[in-house]
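Since every read-out is calculated from the coordinates, none of them should be taken as a lab result. The shown structure was predicted, so the numbers you read here are calculated from the model rather than taken from an experiment. Using ideal geometry, Cβ is built from the backbone for each residue, glycine included, and neighbour counts are taken over all protein chains shown.
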Amino acid sequence: MTQKKVAIIGSTGSIGRQALEVIEHHKEKLCVEVLTANKQSDLLIEQALKFDPNAVVIADKSQYQKVKEALSSTDIKVFAGQEALEDIVQMETIDIVLTAIVGFAGLKPTIKAIEAKKPIALSNKETLVVGGELITKLSIENNIPIIPVDSEHSAIFQCLAGEFYNPIEKIILTASGGPFLGKTKDQLRNITPKEALNHPNWVMGNKVTIDSATLMNKGLEVIEAKWLFDLDIKKIETVVHPQSVVHSMVEFEDGSLKAQMGLADMRLPIQYAFTYPERLKTNFPKFNIFNYPNLTFQKPDTETFPCLNLAYHAIEKGGNMPTIMNAANEIAVEAFLKGDLGFLGIPEIIANAMSKYNFIAKANVNDFFETDKEVRDELSSILLK
Ligand code: NDP
């Protein structure tokens, strides 16, 4: 494998930082071409000085001068603003783009990267939730692979290696169940952000950690899987597996069930996405099966955690419904994290939004952006003080 030049869109986040650990581990095979952040300019500067990329982008324009001055003694190009994110992913020298931005903000840069024929290591699941049909169509037209980074989708991708023509009976996405597995609605009423951010198995960014606690994360992943693997939604099941070592499973028509296992360590799927189809040796902690004598599987409690069914409903309706759901979820999670909304208010806000906003069955890309803006603006003005 020749050395790949990686653009990390969202390098200051949980996935972005772990991606840099992977790159540092395999300097002969991987190097950093582009780094981007939203507001964390200090960390972006630190990363840039360490990894010496060709260019960096700080989305928050007010921090441009600070980043520019800090990197003035280097050759690193500095840009600012959301539009710069869309331009930078098209840079000729990039070999692969890791989309590690959180939320709807990842959609435009991903579209631009695919149009520029850049292979995508896809972590930003909201991109496929909102624009799955468009993104998969674009990737086929441009003959560009979208390689999943999410551990569940990476697991399925790995299970499908060598199975090109074998039809899938179903896939089973595993869910940890989050910090509130087994709790009743009454017990969830006064949950604090601190409690919800305390995930039992994974250390992740705040938004995906709350999504994990509400089971919305699994709902987003069901939609992500539909588009990544071109599956009827009825063929995608979810199972709660609190040990989080079986990352997901594929059942084939002969009844054989393949699972991919490993520790809860995002560096593995990130690395696999960068180096696919090669597997590189690492010194990351290794999975020891004897530490897990009891693996358990149970049905998700969709009564207490309604977000999973809301996501099934959204993708069954199609059109702009997943966009409405996603935007409402992003604002509801933000409001919960700020202490302006209770934990049980999150699914209520999403369900209300899904019945209230104008449904467009044949939505185009403009409809996605307009719907997102309308839901986001209105709910922000109501929920965010
Ligand atoms: P984080 O919140 O930790 O990081 C998000 C990154 O995106 C940061 O670099 C942040 O910059 C940047 N960012 C946020 N908003 C914007 C914006 N409007 N414009 C430009 N950049 C922005 O998220 P995670 O790393 O946890 O998650 C990233 C994505 O990966 C999500 O879609 C998540 O669902 C998915 N994912 C995450 C997993 C994990 O283990 N963390 C596992 C599987 C999937 P700044 O730091 O400056 O704010």
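Annotations
- Around Arg17: net Lys/Arg minus Asp/Glu count, Cβ-Cβ under 14 Å: -3
- The simple Förster model, with R0 at 25 Å and r as the Cβ-Cβ distance, assigns Asn198 and Gln298 a FRET efficiency of 0.75.
- Helical mean residue ellipticity (222 nm; -39500 (n - 2.57) per DSSP H run of 4+; nearest 500) of the chain: -13500 deg cm²/dmol
- Each of the peptides 356-366, 272-282 was scored by the mean count of other Cβ atoms within 10 Å over its residues; in descending order, highest first, they stand as 272-282, 356-366.
- Paramagnetic reach from Val365 (point 7 Å along Cα→Cβ, amide N under 17 Å) across the stretch 121-136: 127-136
- Hull shadow area, averaged, the chain [alpha-carbon convex hull, nm²]: 19.0
- In order along the stretch 312-321, phi translates into HN-Hα couplings of 4, 4, 4, 6, 5, 5, x, x, 8, 4 Hz, rounded to whole numbers, per the Karplus curve 6.51 cos²θ - 1.76 cosθ + 1.60 with θ = phi - 60° and x for Gly and Pro.
- Looking at the chain alone, DSSP beta bridges between its own residues are antiparallel in about 30 percent of cases.
- Extension gain (nm, one decimal) between Leu384 and Asp60, 0.36 nm per residue minus Cα-Cα: 114.6 nm
- For the residue pairs Lys5/Lys226; Lys117/Lys385; Lys27/Lys118, the C-alpha atoms sit more than 32 angstrom apart in Lys117/Lys385.
- Charge tally around His199: other residues with Cβ under 13 Å, Lys/Arg +1 each, Asp/Glu -1 each, net 0.
- In terms of surrounding Cβ atoms within a 10 Å radius of their Cβ, Glu69, Glu221 rank from fewest to most as Glu69, Glu221.
- The stretch 34-170 - charge dipole about Cα centre, Lys and Arg +1 at Cβ, Asp and Glu -1, debye rounded to 20: 220
- When Met261, Met91 are sorted by how many other C-beta atoms sit within 10 angstrom of their C-beta, beginning with the fewest, the order is Met261, Met91.
- Most to least packed among 206-213, 4-11 [average Cβ atoms within 10 Å]: 4-11, 206-213
- Distant-in-sequence amide H partners of Ala121 (H built 1.01 Å from N, under 5 Å): Val97, Leu98, Thr99, Ile147
- Computed FRET value (nearest 0.05) for Leu231 with Ser72, which takes r as the C-beta separation and R₀ as 45 Å: 0.35
- Potential lengthening of the chain between Met261 and Thr282 amounts to 5.9 nm, from the contour at 0.36 nm per residue minus the alpha-carbon distance.
- The stretch 14-26 - phi-based ³J(HN,Hα) in whole Hz, Karplus 6.51/-1.76/1.60, Gly and Pro as x: 4, 5, x, 5, 5, 5, 5, 5, 4, 5, 4, 6, 10
- For Leu384, net neighbour charge (Lys/Arg +1, Asp/Glu -1) across residues whose Cβ lies under 13 Å away: -2
- Charged side chains reduced to their Cβ positions (Lys and Arg at +1, Asp and Glu at -1) give the stretch 141-209 a dipole of some 480 debye around its Cα centre.
- Cα-based values for the stretch 292-342, radius of gyration first and Dmax second, are 14.9, 44 Å.
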